[in-house]
Amino acid sequence: MADEKKEYKTDYRTITIKTTEGSTVQGKVNISPNQRVSELFTIQKGPFVILVDATFGDVTGKTLFINKEHIVWVEPED
């Protein structure tokens, strides 16, 4: 029986997040093909959103784990 390799595809979308304490963070989230950014908050059950290449204040290029309970709004980039 031949080994089948499952290929994992990434689809990064840039979003901006406003947190409850007033910070604005911009970064990229990895979503599944044909998935909407909103599904990160409605379907996925984990408590965190993972942003890569994140920018906030003078800091850039970081990976952040943001607790969904501390998010006021999210704006996806088109």
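Exactly one residue out of E21, E75, E7 is in contact (Cβ under 8 Å) with a residue 12 or more places away in the chain, surrounded by fewer than 11 Cβ atoms within 10 Å (Cβ to Cβ) and either more than 9 Å from the chain's Cα centre (by Cα) or part of a strand (DSSP E or B) (or both), and it is E21. Look at (1) in contact with a Pro (Cβ under 9 Å, 6 or more places away or on another chain); (2) surrounded by 15 or more Cβ atoms within 10 Å (Cβ to Cβ); (3) at pLDDT below 95 and you find that T14 fails only one, number (3).
When residues in the range 24-49 are screened for being within 13 Å of V74 (Cα to Cα) and surrounded by 10 or more Cβ atoms within 10 Å (Cβ to Cβ), 13 of them pass.
Of the residues L40, L51, the single one that is aliphatic (A, V, I, L, M) and part of a helix (DSSP H, G or I) is L40. Here the range 50-72 is the region considered, the condition is being farther than 20 Å from D11 by Cβ and of a type in the set (A, V, I, L, M), and the residue that is surrounded by the most Cβ atoms within 10 Å (Cβ to Cβ) is I71.
The values are calculated or read from the model by the stated rules, or taken from the named source; none is laboratory data. Since this is a predicted model, take the numbers as computed values, not measurements. No Cβ is skipped: glycine too gets one built from the backbone with ideal geometry, and neighbour counts run over all protein chains shown.
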